[in-house]
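Have a look at the structure below, then the notes.
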Amino acid sequence: MTALRADGGLLQRELLTGREAAGLPRSVSALRVCDVVVWMRHRNDHRNRSCLPR
């Protein structure tokens, strides 16, 4: 939560901008957007390390 408030809430604003760009409803939280962005960015790394089921 602290990271979402840092730098005047910059991260939260960026996540909400991404949510809007993706056409997601306001019911999708900034934290959920962050979760999906991180997962999408790193899922191949985890597959390569056999952390995720194939």
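The values are calculated or read from the model by the stated rules, or taken from the named source; none is laboratory data. Since this is a predicted model, take the numbers as computed values, not measurements. Glycine gets a Cβ as well: all are built from the backbone with ideal geometry, and neighbour counts include every protein chain shown.
Just a few scattered comments:
- Leading residue by the ranking (nearest to A3 (Cα to Cα)) among those in the range 25-36 that are out of contact with any Lys or Arg (no Cβ under 9 Å at 6 or more places or on another chain) and surrounded by 14 or more Cβ atoms within 10 Å (Cβ to Cβ): C34
- Cβ separations smaller than 6 Å between residues 6+ apart or across chains give no pair from the range 1-23 residues that are touching a residue at least 60 places away in the same chain (Cβ under 8 Å) to residues that are part of a helix (DSSP H, G or I).
- Looking only at the range 19-31, residues that are in a helix (DSSP H, G or I) and modelled with pLDDT of 95 or more come to 3 in all.
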